Amino acid sequence: MNVPSKSPVQLFSKETQAIFFNYKPQPIQRMLDFDYVCKRKNPSVAAIVNPQSASGGFQKAFFGRCEIAIPVYDSIEEASSKHPKAAVFINYASFRSAFESSLTALQQPTIQTVVIIAEGVPERNTKVLIARAKQYNKIVIGPATVGGIQAGSFKIGDTAGTIENIYRCKLYRPGSVGFVSKSGGLSNEMYNVLARTTDGIFEGIAIGGDTYPGSTLADHVWRFEQIPNIKMIVVLGELGGRDEYQVAEMVKKGLIKKPIVAWVSGTCASCFHASEVQFGHAGAKSGESDTSALSKNAALKSAGVHVPDSFEAFAEHIQLVYERLVKDGVIIPAVEIAPEILPKDLHTALKEGHIRKATHIVSTISDDRGEEPLYLGIPISEVIQQQMGIGDVISLLWFKKKLPRWASKFIEMCLIVAADHGPCVSGAHNTIVTARAGKDLISCLCSGLLTIGPRFGGAIDDAAINFKKALDNSVPPDVFVEDLKRQGRRVEGIGHRIKTAENQDKRVELLCQYAKQHFPAMKYFNYARAVESYTLQKANNLVLNIDGCIGSLLVDLLSSCGCFHEQEVKEILELGALNGLFVLSRSMGLIGHALDQKRMKQPLYRHPTDDVLYATE
Ligand code: ACO
Ligand code: LMR
């Protein structure tokens, strides 16, 4: 036996709380769901230790209908000192780090039981843990265990699986059976069997399948003997190891008075004699004849334990013993109670079709639910395969059309020519100041972009709308300009600070040349030029500017490419989509300016006072 006589008998109660090592949302939620179903008053997980989280914080989980915030610590010491009532340490560390963390947990005065889930913990490490547990009068369950459960009170991690299984096996209320097994998987099976053949378990422990478990079958049988609520004991052993002999020995010596029904699985291993075969668990080895299932079953039987002749008869034996104890008045069958019904998560209820939920967002341009994103139904691999360019992607995502190549190429030209216009324009100025003030790249970019508007780069849509409306209504250019003037408005798309009739904007020239070669029609651009001829009579800087040029040519493109109805063209302009081209394009230049300034490392704290005119009224 590993467990010293001074170690605690009752490991769990309806008040027991645990510290969970490593953040594993699913087993934590399963514990809390069990708590709720059993009508526990407080959640069984008091704290989480997550050594990867640098600075604590909280993790959210459901406790029935409510959400709770479970505190997270980065050290076991801190968690146990802040939660002195948490007596169980559930260790979900990997086999590499399970030893150190378990050792630390054993050293905490408040921790009484350490459960090690990891498989593959080196045996020499487990032996050290066993020695320490003995020294401190504590109990280790595992390694390589799913844990254990006290019905209606406390459940370790994933023990007993889903909440449906908890209901099915009536684990939400205590029964009369103390069950111990090596295997976690078979424990779950046995909870089902025991729910059908008895009034269910009081407590079930899976000790884990290692050769040297932290606590043995015998340790738990010994505990069960001393727990008054447990009236009969069921043991499911397996081939390999000598643990079952200890149980037989205790029965023989009269130390265990409660009836035990036991079965050692692995009787088939006799077919593998003459060679050592390992059956799943590290400790389940066929080899020496006295560790075989057959000889251990025989030893248990001869000690007075109820042992069936085959595994099939195990359930029947359990039922017979249970019914005899009921008849003798030793067991008063557990009274059935209604468990709390766990509310379903929105996600689960939706998946199962029990509820419907209105969506908040409708998207018509892209879809990321499949293996690869779709742009307007076209997989991105096809976008690449078809050698589509940025203009094509913009057409798909902004205009929801696959435009002819001449048109998407024009869009790309707009992006290229408007990418930058020197450090003196509003956007670049703001970006430069922001960069020199030490802000990050995104802030620099945003501060520049925020200047885009009627005086700088943001006149494309209004220019397009106005030129189109005027031409569609056959308004002569001079009347158009004078009408706007009467309204006190400037002609959007006309005018420039440095460009004049004599110093034409090269960008306008380039776009115009391309349009002449590829566009089926240029009537809106020609109208804009006619407006320019009129405004140039007023002042030589009232040229068709880059916004006016892009705006009018895009109206020509949209109207003549054969992809849009008149109404669709109007909608695109009204949505303000065309200014988006300037934003996208100028972002390239603004990022360039931000990086340029950052590279130079010239901080700016304030302008000199002689750079400012202090004007007072
Ligand atoms: N339509 C009619 N009159 C104009 C226009 C115009 N688009 N632009 C300037 N004027 C007139 C002004 O009313 C002013 O007349 P006034 O002397 O009789 O009062 C005169 O021209 C000079 O005005 P300023 O404000 O000095 O002109 P500035 O050169 O600073 O303006 C600007 C340049 C901001 C581009 C201006 O022409 C304008 O507002 N244009 C319309 C909006 C536009 O197209 N913006 C995008 C510019 S392109 C780009 O940023 C990428
Ligand atoms: C630009 O493209 O940024 C310019 O046309 C604006 C300007 O003021 O020169």
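The values are calculated or read from the model by the stated rules, or taken from the named source; none is laboratory data. Bear in mind that the values here come from a model prediction, so they are computed numbers and not experimental data. Reconstructed Cβ throughout: ideal geometry from the backbone, glycine too, with neighbour counts over all protein chains shown.
Values for this structure:
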read-out	value
Pairs where the first residue, in the stretch 327-342, is under 13 Å from residue 171 (Cβ atoms) and touching a residue at least 40 places away in the same chain (Cβ under 8 Å) and the second is loosely packed, with under 10 Cβ neighbours inside 10 Å and hydrophobic (A, V, I, L, M, F, W, C), C-beta under 8 Å, 6+ apart	none
Subset tally (residues that are small (Gly, Ala, Ser) and away from ligand 2 (no atom under 14 Å from the Cβ)) for the stretch 486-511	2
Any hit, the stretch 193-212, residues being within 17 Å of residue 165 (Cα to Cα) and aromatic (Phe, Trp, Tyr)	yes
Criterion (among the hydroxyl-bearing types (Ser, Thr, Tyr) and touching a residue at least 60 places away in the same chain (Cβ under 8 Å)) met by exactly one of 451, 434	434
Total residues in the stretch 219-247, condition outside any strand (DSSP E or B) and touching a strand residue (DSSP E or B) at 6+ places or on another chain (Cβ under 9 Å)	16
Odd one out for residue 424 among (1) of a type outside the set (A, V, I, L, M); (2) over 41 Å from the mean Cα position of the chain (by Cα); (3) part of a helix (DSSP H, G or I)	(3)
Odd one out for residue 612 among (1) touching a Lys or Arg at 6+ places or on another chain (Cβ under 9 Å); (2) more than 16 Å from ligand 1 (Cβ to nearest atom); (3) of a type in the set (A, V, I, L, M)	(1)
Cβ pairs under 6 Å, 6+ apart, first in the stretch 569-591 and in the same structural domain as residue 459 (by TED's automatic domain parsing) and part of a helix (DSSP H, G or I), second within 14 Å of ligand 2 (Cβ to nearest atom) and among the hydroxyl-bearing types (Ser, Thr, Tyr)	590/431
Yes/no for residue 257 being surrounded by 18 or more Cβ atoms within 10 Å (Cβ to Cβ), modelled with pLDDT of 95 or more and of a type in the set (D, E, K, R)	no
Residues of the stretch 115-139 that turn out to be buried (at least 18 other Cβ atoms within 10 Å of the Cβ) and either closer than 24 Å to residue 174 by Cβ or charged (D, E, K, R) (or both), as a count	3
Single residue of the stretch 434-452 satisfying the filter (surrounded by 13 or more Cβ atoms within 10 Å (Cβ to Cβ) and of a type in the set (D, E, K, R)) that is nearest to ligand 2 (Cβ to nearest atom)	436
Residue satisfying all of: in the stretch 420-431; under 30 Å from residue 513 (Cα atoms), surrounded by 16 or more Cβ atoms within 10 Å (Cβ to Cβ) and in contact (Cβ under 8 Å) with a residue 40 or more places away in the chain; nearest to ligand 1 (Cβ to nearest atom) among these	421
Single residue of 557, 595, 511, 553 found to be assigned to a helix (DSSP H, G or I), within 46 Å of the chain's Cα centre (by Cα), hydrophobic (A, V, I, L, M, F, W, C) and under 21 Å from residue 390 (Cα atoms)	557
Residue match in the stretch 466-481 (condition: surrounded by fewer than 20 Cβ atoms within 10 Å (Cβ to Cβ), within 15 Å of ligand 1 (Cβ to nearest atom) and among the hydroxyl-bearing types (Ser, Thr, Tyr))	no
Hey, residue 483 of a type in the set (Asp, Glu) and within 16 Å of ligand 2 (Cβ to nearest atom) or not	no
Filter result (part of a helix (DSSP H, G or I) and either free of Cβ contacts under 8 Å to residues at least 60 places away in the same chain or not assigned by TED's automatic domain parsing to the domain that holds residue 508 (or both)) within the stretch 437-448	442, 443, 446, 447
Test: residue in the stretch 453-471 that is in a loop (DSSP other than H, G, I, E, B), within 16 Å of ligand 2 (Cβ to nearest atom) and not small (Gly, Ala, Ser)	yes
Selection status of residue 401, part of a helix (DSSP H, G or I), over 25 Å from residue 499 (Cα atoms) and either outside the structural domain of residue 578 (by TED's automatic domain parsing) or among the basic types (Lys, Arg) (or both)	no
Residue match in the stretch 359-371 (condition: surrounded by 14 or more Cβ atoms within 10 Å (Cβ to Cβ) and of a type in the set (A, V, I, L, M))	no
Within the stretch 339-356, tally of residues that are assigned to a loop (DSSP other than H, G, I, E, B) and over 18 Å from residue 32 (Cα atoms)	5
Filter result for the condition that a residue is of a type outside the set (Asp, Glu) and not in a helix (DSSP H, G or I), over 540, 526	540
Members of the stretch 432-463 that are among the polar types (S, T, N, Q) and away from ligand 1 (no atom under 16 Å from the Cβ)	434, 443, 447
Search result, residues across the stretch 192-228 that are free of Cβ contacts under 8 Å to residues at least 40 places away in the same chain and either surrounded by fewer than 24 Cβ atoms within 10 Å (Cβ to Cβ) or under 35 Å from the mean Cα position of the chain (by Cα) (or both)	192, 195, 225, 228
Pair list, Cβ under 9 Å, 6 or more apart: the stretch 475-497 residue on the phi > 0 side of the Ramachandran plot and in the same structural domain as residue 454 (by TED's automatic domain parsing), other residue surrounded by 13 or more Cβ atoms within 10 Å (Cβ to Cβ) and of a type in the set (Asp, Glu)	493/462; 493/532; 493/547
Members of the stretch 169-214 found to be in a loop (DSSP other than H, G, I, E, B), among the hydroxyl-bearing types (Ser, Thr, Tyr) and touching a Lys or Arg at 6+ places or on another chain (Cβ under 9 Å), listed by number	172, 176, 211, 212
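Rundown of residues vs (1) surrounded by 10 or more Cβ atoms within 10 Å (Cβ to Cβ); (2) farther than 26 Å from residue 439 by Cβ, yes/no style:
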| site | (1), (2) |
| --- | --- |
| 572 | yes, yes |
| 576 | yes, yes |
| 587 | yes, no |
| 594 | yes, no |
| 599 | no, no |
| 615 | no, yes |
